[in-house]
Each structure stands twice: as C-alpha cells, then as structure tokens.
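Peer 1: Here's a structure for you.
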Amino acid sequence: MLEKIYHIFQSYEAQPLGIDKYYAVLIPLVVIDEELYILYESRAADISQGGDTSFPGGRVEEGESFKEAAVRETVEELGLTPDKIALLGEMDYVVERDRVIACFVAQLNIDSLEDLAVNPDEVAYPFLVPFMKLFRQETKTYTFSHELQIDADFPYEKIPGGKAYPFRNRQVTDQVPFYDVDDEVLWGLTARLTERLMDIVRTGEADIFSGKL
C-alpha cells in the first residue's frame, strides 16, 4: 500500500481544498484620442446580479484555461473578435469560499463603443471611465459582518472545550469598497479588482504615469 501511495504522489498536483468553482474576468483598457479608459459593463436585468457593474467574465469551461475563459467571455459579451483583444498580463486572483476568480488585463483595439456588438442577454450597456479619474480617487469602504451559524445537533461533546471551543472566524467581516463615477456605481468585487489594478500601477511607474499611451 505504501508503494502505491508513493506512486500516486509522484504525479499528484496540489489543489486548494473546498474549491469547486472557477471563474475568469478581464479588465479591458481602451485608448481613445490618446486617453486611457477602463471599460465596464452594466449587467442585463434578467441575469444574476442584474444591474450591477462588472467586467467581462464568467465560469471556466471544462478543458479551457483561465486565460482562454477570460478571452472567450469578453468575445461573447462585447461582440469582439479575439484579434481585437491584446492581453497585457495576469493580475492577482481572488480565492473566496468555494471559488477562484482569475483576472487578466488587456487592451481592446477599438476606436469607440460603437465598434462593439454587445450581447443584450448578458450586457445592458458598456461604458468607459477615464483611468486617471480612478487612479486619483480613493475608494470609500464599508463593513458588514455576519455570525458563524452552527447546526443545533453539532457534537460539541467530541471536541476540546465543547461549546467554548475557540472557533476561528466565529464572526466574518467583509470590507466592501465603492468608487464614485458619476451616474454609475462601482462596488464589491469590481471595485476590489479596480482598486488592486490602481495599487499595482502606483507601485510601478506611478510617478511618470500620465494616463496617456
């Protein structure tokens, strides 16, 4: 048995426990008249989280990579051909509860929003926000908390300390950022990814970054 276990682990690839959902999103950068913008979507009313602001993205399908999923979802939602999407790189990813969300940054080679043929089943409308407007703005963060819920028949008698056991994360607290962008609302995951992009740029060439390409 030990020899069998040895051979199993020679080729086994470690994975995060409890993760069974994989998603990918793409942060689209657009240059119009030498000014840099970020493109966002207002989600169609009849889908999950309808009316929210988001980036193009969705679930990773069987057999495809995170990068492939991000590009595919962008093509499907915005009506672009893949050659109009120039990937710049992968950003930090999110791991929360039972899911992983990978994030990529890309330039969309378009001249205006009129070059898009958005899928109305998924996107109500796209809109642009000047990069520097977000770059110079700090998010406003709000907090919400919820208590750990434990089954009534949980076998406390089997663990040290019983009901007094010091469970980790008995109270879960989340920080929810918001950006002010005129008539649109950037909040939650979309705002978190936007904020992280700004932080990465600030720690790179922020001192010479002008918002123009």
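Peer 1: How many residues, within the range 171-198, are open to solvent by less than 100 Å² (accessible area, probe 1.4 Å) and more than 15 Å from the chain's Cα centre (by Cα)?
Peer 2: The total comes to 7.
Peer 1: Kindly establish whether residue 128 is open to solvent by less than 70 Å² (accessible area, probe 1.4 Å), assigned to a helix (DSSP H, G or I) and closer than 26 Å to residue 48 by Cβ.
Peer 2: No: the conditions fail for residue 128.
Peer 1: Please verify whether residue 38 is open to solvent by less than 20 Å² (accessible area, probe 1.4 Å), touching a Cys at 6+ places or on another chain (Cβ under 9 Å), on the phi < 0 side of the Ramachandran plot and not hydroxyl-bearing (Ser, Thr, Tyr), treating the condition exactly as stated.
Peer 2: For residue 38, the condition - open to solvent by less than 20 Å² (accessible area, probe 1.4 Å), touching a Cys at 6+ places or on another chain (Cβ under 9 Å), on the phi < 0 side of the Ramachandran plot and not hydroxyl-bearing (Ser, Thr, Tyr) - is not met.
Peer 1: Ok, one more. When only residues in the range 59-83 that are open to solvent by 40 Å² or more (accessible area, probe 1.4 Å) and of a type in the set (Gly, Ala, Ser) count, which is farthest from residue 110 (Cα to Cα)?
Peer 2: Among residues in the range 59-83 that are open to solvent by 40 Å² or more (accessible area, probe 1.4 Å) and of a type in the set (Gly, Ala, Ser), the one farthest from residue 110 (Cα to Cα) is 63.
Peer 1: Take the residues in the range 91-115 that are within 26 Å of residue 33 (Cα to Cα) and open to solvent by 40 Å² or more (accessible area, probe 1.4 Å); name whichever of them is nearest to the chain's Cα centre (by Cα).
Peer 2: 107
Peer 1: In the range 67-114, what residues are of a type in the set (D, E, K, R) and farther than 19 Å from residue 192 by Cβ?
Peer 2: Of everything in the range 67-114, those that are of a type in the set (D, E, K, R) and farther than 19 Å from residue 192 by Cβ turn out to be 67, 68, 72, 76, 77, 83, 84, 111, 114.
Peer 1: Right, next: Can you work out which of the residues in the range 145-163 that are open to solvent by 80 Å² or more (accessible area, probe 1.4 Å), assigned to a helix (DSSP H, G or I) and modelled with pLDDT of 90 or more is nearest to residue 96 (Cα to Cα)?
Peer 2: Among those residues, the one meeting the criterion is 158.
Peer 1: Mind telling me which of the residues 64, 114 ends up being part of a loop (DSSP other than H, G, I, E, B) and either among the charged types (D, E, K, R) or closer than 21 Å to residue 200 by Cα (or both)?
Peer 2: None of the other options fit; the residue is 64.
The values are calculated or read from the model by the stated rules, or taken from the named source; none is laboratory data. Fair warning: this is a prediction, and the values are worked out from it, not measured in the lab. In this analysis, Cβ positions are derived from the backbone assuming ideal geometry, glycine residues included, and neighbour counts consider all displayed protein chains. Please note that ligands, DNA and RNA were not included when accessible areas were found on the heavy atoms of the full protein model with its side chains. Shrake-Rupley method; radii C 1.70, N 1.55, O 1.52, S 1.80 Å.
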